[in-house]
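Below: one structure, written as structure tokens.
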Number of protein chains: 2
Amino acid sequence: MTSDPARQERLRELNLGLVFREVLAAEGPVSRTELAAATGLTRPTITRIVEELLAGRLVTETGTTLDGRAGRPRMGLTLSRSGPAGLGLDIRSDGLAACVVDLAGKVRHLVFAPLTDTDAPAVLERLGRMASEAADAAAAEGLTVVTATLAVPGPVDGGIVRTAPALGWRDVDAGGLLDAALSGLGLATAVDSEANLAARGELHATGADRSLNHFGRTATHFIYVSGGLDIGAGLVMDGRLMRGARGWGGQLGHVTVDPEGKPCRCGSRGCLQTYASLPALLGGEAVPPGASPESVILGRADAGRPETLAALDAAASALGVALANVCNLLGVDTVFLGGSFALMDSWLAAGVRAELEQRVLFADWAPVTVRPATIGPDAAAIGAALAVVDRISADPAAWIAANR
Amino acid sequence: MTSDPARQERLRELNLGLVFREVLAAEGPVSRTELAAATGLTRPTITRIVEELLAGRLVTETGTTLDGRAGRPRMGLTLSRSGPAGLGLDIRSDGLAACVVDLAGKVRHLVFAPLTDTDAPAVLERLGRMASEAADAAAAEGLTVVTATLAVPGPVDGGIVRTAPALGWRDVDAGGLLDAALSGLGLATAVDSEANLAARGELHATGADRSLNHFGRTATHFIYVSGGLDIGAGLVMDGRLMRGARGWGGQLGHVTVDPEGKPCRCGSRGCLQTYASLPALLGGEAVPPGASPESVILGRADAGRPETLAALDAAASALGVALANVCNLLGVDTVFLGGSFALMDSWLAAGVRAELEQRVLFADWAPVTVRPATIGPDAAAIGAALAVVDRISADPAAWIAANR
């Protein structure tokens, strides 16, 4: 057989990726013997690859005895807790969040600051300072922040936030502002919608992304619905986040519930938004200073206020109709209620389920599961930070080479 | 470096797949030199792989001179026109179709028979005979049919047709009946919904599947809507057909257009089906014997019959509302109208576009394209037959090994 250095090099990179994703997919420490068995590679090859992964700070050794019975302790390998890390930034209706995760997806740093000014340059300037502080805090724990991803409440088209009504933004170059704000840090940056990134966070919380990054894909399908000032959704099909053409999918808030319904800010009529967003549930009444819209709505519902109870019922039905459409279109069998919907779950879930039962064609054979999201309001910040895992697992050899 | 026969074997298989998909992606004959440049493999490696592909009847040589200027003619490689082939079977409202395609996706045989009896065993028995005849016809052209895929008008769950109202089927084991009907032929069989397979056919007709099978994926996103007795849809995201959990996606006919609308056979209310299916457009009137429902509806519309014109307007609006939901959810930017909708395109397209313009959030930045499907009523049969391309391109080395 002809010796071919380029081929051998590509093979080495592919195998390194294979081994790294095995470590990523493992629930606990994994031994070199297990890696050899799982990948079909020889022990000398595994040994050489593990050396590279250790030198690249992607994995670390742990002296755990995996075998509970008597015998020699086996050296296990785990994802590094002091290697590359990801930074997630989130612009929420109630404030700004910055989050750092390590390669295992563990949150290592999380800070929150109130949002006082929604003007884009001011917001990004504030986020830039939070990012610097987060990178410093991460460095103190031996982590190196290498990615920064910003979550915004609206559809994003190549870094441009097309419309984020909660912030009053339209055609804002958030990607450009983010790069400027983080210019000293040398990070790989990205901007995506809050709903997409929250769904990415939920994918991690359910554990489905471990096997996703592993070999092939899991058959995970779900929709993560994010309630709030605006309603968005992240769609996971075959374990992959579906962003749609130019990233404009997930606009559940603008699914038509009633074609002749109330006018929506977007120019259409009868959008889910007009029934189930926080402003719709507040019925136009103001929120007292210092209180959150959700706490005001829940307080009124607990007090039995008829207008609020009727608004919650209408919201649940409308949300159920919109979600039934998603299920019929996409064959999605699990719905996670996130954001404000998670907080109001006990008022909404029964109404949502009733519509799904009536309207989803396959509900007779496979009822749709509806439940509150596993992670709370930090879902999008965490999902944004997880970009580091996606980036490095896609090609760990390239990462090691670039950071030697 | 340690010699490792298993590794070398896997590398050989990966490279063979790489080269085969280059031939698949090429628009015309491709030379060994071009394959070496495209894959980064050495000429000796390319030569050896091409020998294997020729022996496995996956590619053939053609003496075309690629260089139009003077010079020696270069030997080009193309997909084999006499190698493995795929069989597609389709149960339509007006009859049964059987179709054979070669590896290049070219239709080599297509027959149609009227549907006289919708009883499942009778239908499958008839399809079995059509399949045998098609396999014989293909063999006469040097093709070997290796896959058989059946398209049915309804959602399919592991070979079981859960519901196909046009046929009066519920929980029919079409996979089992297909295997029994084709037992003598030794084919790899599958059953899928008409809408999914028609979308697969459309993907081929647009040429987007060539680059799909190539390296990475194209950013093709579209919805193929199939009108008829029932309304279904096939969703293509990132160039991949999205089947949803258990293959139950694409039920566009049961997307709610008006929550308080007319009752639908499915148990829900206000489904798109109740506005835009052929029965809805016929307004309950019978179709004369020998005429197609579409021709009756078009005849009435051309004659200016007010009820028919009103029904077409209502259907167009309802279809527009349902499709706007798809676009908002999935960020899909292209809609292909197929089946009966393709025939009625001139009566529907303007009404559909008006709703999309009003209701799709991103329409201001990227208008949604609406157009008749590229391939006609044989879309699903062709899409079903294309399973051979998907199967072999996924792992050509395994196919060669199994058919040596």
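The values are calculated or read from the model by the stated rules, or taken from the named source; none is laboratory data. Note that the structure is a prediction, hence the values are computed from the model and not measured. Heads up, the Cβs are rebuilt from the backbone with ideal geometry, glycines too, and the neighbour counts pull from every protein chain shown. SASA here: full protein model, heavy atoms, side chains in, ligands and nucleic acids out. Shrake-Rupley method; radii C 1.70, N 1.55, O 1.52, S 1.80 Å.
DSSP assigns beta bridges within region A:207-373; of those with both partners inside it, close to 55 percent run antiparallel. DSSP finds beta bridges in the protein assembly as shown, and of those with both partners inside it, around 60 percent are antiparallel. Using the Stokes-Einstein relation with a Kirkwood hydrodynamic radius computed over Cα pairs, the translational diffusion coefficient of the protein assembly as shown at 25 °C and a viscosity of 0.890 mPa s comes to 86 µm²/s. At 1.4 Å probe size, with the rest of the protein present, what percent of the exposed accessible area of region A:207-373 is carbon and sulfur atoms? Ligands and nucleic acids excluded, carbon and sulfur reach 54 percent.
Computed 3J(HN,Hα) for region B:51-62, one whole-Hz value per residue from the Karplus formula 6.51 cos²θ - 1.76 cosθ + 1.60 where θ = phi - 60°, is 4, 5, 5, 5, 5, x, 6, 8, 10, 9, 8, 9, glycine and proline marked x.
What net charge do the residues around B:ALA164 carry, taking every other residue with its C-beta under 14 Å from that of B:ALA164, with Lys and Arg at +1 and Asp and Glu at -1?
-4
Can you tell me how region B:134-180 classifies by the Cα gyration tensor, rounded, prolate or oblate, using a/c under 1.5 as the rounded cut? Since a/c reaches 1.5 and a/b is larger than b/c, the shape of region B:134-180 is classed as prolate.
Under 5 Å between amide hydrogens, built in the peptide plane, is the criterion, and for B:GLY227 it picks out B:GLY338, B:GLY339, B:SER340, B:PHE341, B:ALA342 among residues at least 5 positions away or on other chains. Taking every DSSP helix (H) stretch of at least 4 residues in chain B, weighting each as -39,500 (n - 2.57) and dividing the sum by the residue count yields a mean residue ellipticity at 222 nm of -13000 deg cm²/dmol.
Every pair of different Cα atoms in chain A enters the Kirkwood calculation, which places the hydrodynamic radius at 22.7 Å. Counting every C-alpha pair in region B:207-373, the share spaced more than 20 angstrom apart comes to 52%. Normalised by the number of residues in chain A, the mean separation of alpha-carbon contacts (under 8 Å, six or more apart) gives a relative contact order of 17 percent. With a 10 Å cut-off around each Cβ of A:279-288, the average count of Cβ atoms from other chains is 0.
With respect to chain A, whose longest principal axis is taken over its alpha-carbon atoms, helix A:120-140 is tilted by about 40°.
In the complete set of protein chains, residue-level accessible area for B:LYS106 is approximately 110 Å², probe 1.4 angstrom.
Each copy carries a label point for B:ARG265 at 7 Å from Cα along the beta-carbon vector; from one copy to the others these points are 4.3 nm apart, nearest first. Comment: the Cα-to-Cβ extended label point of A:LEU309, at 7 Å, lies 5.0 nm from its counterparts in the other copies, nearest first. Averaged over the residues of B:313-324, the number of partner chain Cβ atoms lying within 10 Å of the residue Cβ comes to 2. Counted over chain A, the DSSP beta bridges are approximately 60% antiparallel. Between exposed GluC sites (Glu not before Pro) in chain A, where DSSP calls loop and at most 16 other Cβ atoms lie within 10 Å, what's the longest gap? The reported range is A:286-404.
Across the identical copies, the 7 Å label point of A:PRO165, projected outward along Cα→Cβ, sits 3.3 nm from its counterparts, in ascending order.
Legend: calculated FRET efficiency, A:GLU141 to A:VAL111, from the Cβ-Cβ distance at R0 = 25 Å, rounded to 0.05, equals 0.95. Divide the volume of the convex hull around the Cα atoms of region B:72-198 by the residue count and you get 109 Å³ per residue. Between B:ALA85 and B:THR144, B:VAL145, B:VAL146, B:THR147, the built amide H atoms are under 5 Å apart, and every one of these is 5 or more places off in sequence or on another chain.
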